[in-house]
1. Could you check the simple spin-label distance between N43 and V59, using points 7 Å along Cα→Cβ, in nm with one decimal?
2. Taking 22 Å as R0, compute the FRET efficiency from the Cβ-Cβ separation of T36 and N91 and round it to 0.05.
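Just so you know, all these numbers are worked out from the coordinates, no wet-lab data involved. Predicted, not measured: the structure shown is a model, and the values here were computed from it. No Cβ is skipped: glycine too gets one built from the backbone with ideal geometry, and neighbour counts run over all protein chains shown.
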Amino acid sequence: MPAVIHDHPPPGRSAAPGASENARLREGHATGDEFTGHSSAINLVRATLKRVANTGSRVLISGPAGAGKEVAARLLQSWRPRADEGFVTVNSA
């Protein structure tokens, strides 16, 4: 079972903005369509992921740091017929 990281502020201090969002993402509970925006480029990525999700094929997602590769991978996994099965992230940096 993967380790779960929870963000807790120090005593007497409130949580930093975005702390709950960070904790939710660390726990792997991203829900819904996590891509923001409706540009033609984002719409193309969504359409491609949806098309690939039904094939059962292995997928390699590449791009520069911070491009949203893991978000895309989690979204793809959520659309697959086997979405309830395991999901492993690999950081090859």
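1. 1.9
2. Details: r = 23 Å, r/R0 = 1.04.
Taking R0 as 22 Å, the efficiency between T36 and N91 is 0.45.
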